[in-house]
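I have placed the structure first, in the form of structure tokens, so that the comments after it can refer back to it.
The values are calculated or read from the model by the stated rules, or taken from the named source; none is laboratory data. Just so we're clear, the structure is a prediction, and the values are computed from it rather than from any experiment. No Cβ is skipped: glycine too gets one built from the backbone with ideal geometry, and neighbour counts run over all protein chains shown. Heavy atoms of the whole protein, side chains included, go into the accessibility calculation; ligands, DNA and RNA do not. Shrake-Rupley method; radii C 1.70, N 1.55, O 1.52, S 1.80 Å.
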Amino acid sequence: QVQLVESGGGSVQAGGSLRLSCVASGIIFSVNVMGWYRQAPGKQRELVAGISSLGHTDYAASVKGRFTISRDNVKDAVYLQMNSLKPEDTAVYYCNAKTVRHQHGTYLELWGQGTLVTVSS
């Protein structure tokens, strides 16, 4: 069984930094796109950043220049470095992986359990 395990959320003051980590557990052969989504109270889940297996990245306009996504294909891990955090970044952040090929088959999409990020003014 493959799971996405997240860590690194927490509380920080505006202007501070946090680093989120997500590791895919299990025997995995490959993962296509990995990324981070977030959902603030009363709002829809939105894409924050994504990264392909070749390292191509995509960012939401609201985080471009402040957040950096990276991945380690050997560890099947994805990271999100968040700098210059703002109160509007407060949300539950979810790790996402698309087309996960593992020993028993393929998951088209997997989600982590979510980690809360709270930014105070």
What longest range of the chain stays clear of loop-exposed trypsin sites (Lys or Arg not before Pro) (DSSP non-H/G/I/E/B, at most 16 other C-beta within 10 angstrom)? 76-121
Express the accessible area of the range 28-119 per residue in Å², computed with a 1.4 Å probe while the remaining protein chains stay in the model. 52 Å²
Relative to the present Cα-Cα distance, how much length would full extension add between GLN3 and SER70 at 0.36 nm per residue of separation? 22.2 nm
Suppose every K and R has +1 on its Cβ and every D and E has -1 on its Cβ; what is the size of the dipole of the chain about the Cα centre, in Debye to the nearest 20? 100 debye
Expressed as a whole percentage, what fraction of the accessible surface of the range 7-94 belongs to carbon and sulfur atoms when a 1.4 Å probe is rolled over the protein heavy atoms? 51 percent
